[in-house]
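What follows is calculated from the coordinates using simple rules that are stated; it is not laboratory data. None of these values were measured; they are calculated from a predicted model. Here Cβ is always computed from backbone atoms with ideal geometry, including for glycine, and neighbour counts include all displayed protein chains.
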Amino acid sequence: MFDKEAVHDEKIAPLVEQIVKICKEEKIPCVMDFMIKEGNDYHDPLHCITALHGLEGMPHSPSIYMAIMVLKW
């Protein structure tokens with residue numbers, strides 16, 4: 001079974017923190033979606049989603065807004 005939760009927590013999450021910090025400082029909208037665990041008959045796949053959009057001073061990005069709406073669904 002596909003399960004990369006530990007890899008995400010140990011290797012990816014620290015990088016995402018750096019990216020988020022830079023994007024907030026520079027007012028860069030972004031969206032990141034990582035599927036970290038496969039689903040089964042009883043549970044949906046586990047995703048870790050990070051999005052920055054609509055913060056003060058950040059330009060509006062229709063494509064990022066749509067991506068967020070799709071990922072929320």
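Roughly what would the spin-label model give for Lys11 and Ile49, points 7 Å off Cα along C-beta, in nm?
Modelled inter-label distance: 2.5 nm.
What angle, in degrees between 0 and 90 and rounded to the nearest 10, separates the Cα long axis of helix 62-72 from the longest principal axis of the Cα atoms of the chain?
Helix 62-72 sits roughly 30 degrees off the main axis of the chain.
Reachable aspartates and glutamates from Lys11, Cα under 16 Å, same-chain residues fewer than 8 places away excluded?
Asp3, Asp33
Would you please state which residues of the range 1-22 a label at Tyr42 would reach in this model, taking the label point 7 Å out along Cα→Cβ and a backbone N cut-off of under 13 Å?
Counting only backbone N, you get no residues.
Taking the number of other C-beta atoms within 10 Å as the exposure measure, put Leu46, Leu52 in order starting with the fewest.
Leu46, Leu52
For helix 13-26, report the angle its Cα long axis makes with the longest principal axis of the Cα atoms of the chain; keep it between 0 and 90° and round to the nearest 10°.
Between the helix axis and the principal axis of the chain, the angle is about 10 degrees.
Please state the relative contact order of the chain as a whole percent: Cα pairs under 8 Å, 6+ residues apart?
After rounding, I find 29 percent.
Mind checking which lysines have their C-alpha under 22 Å from Lys4, skipping anything on the same chain fewer than 8 residues away?
Lys37, Lys72
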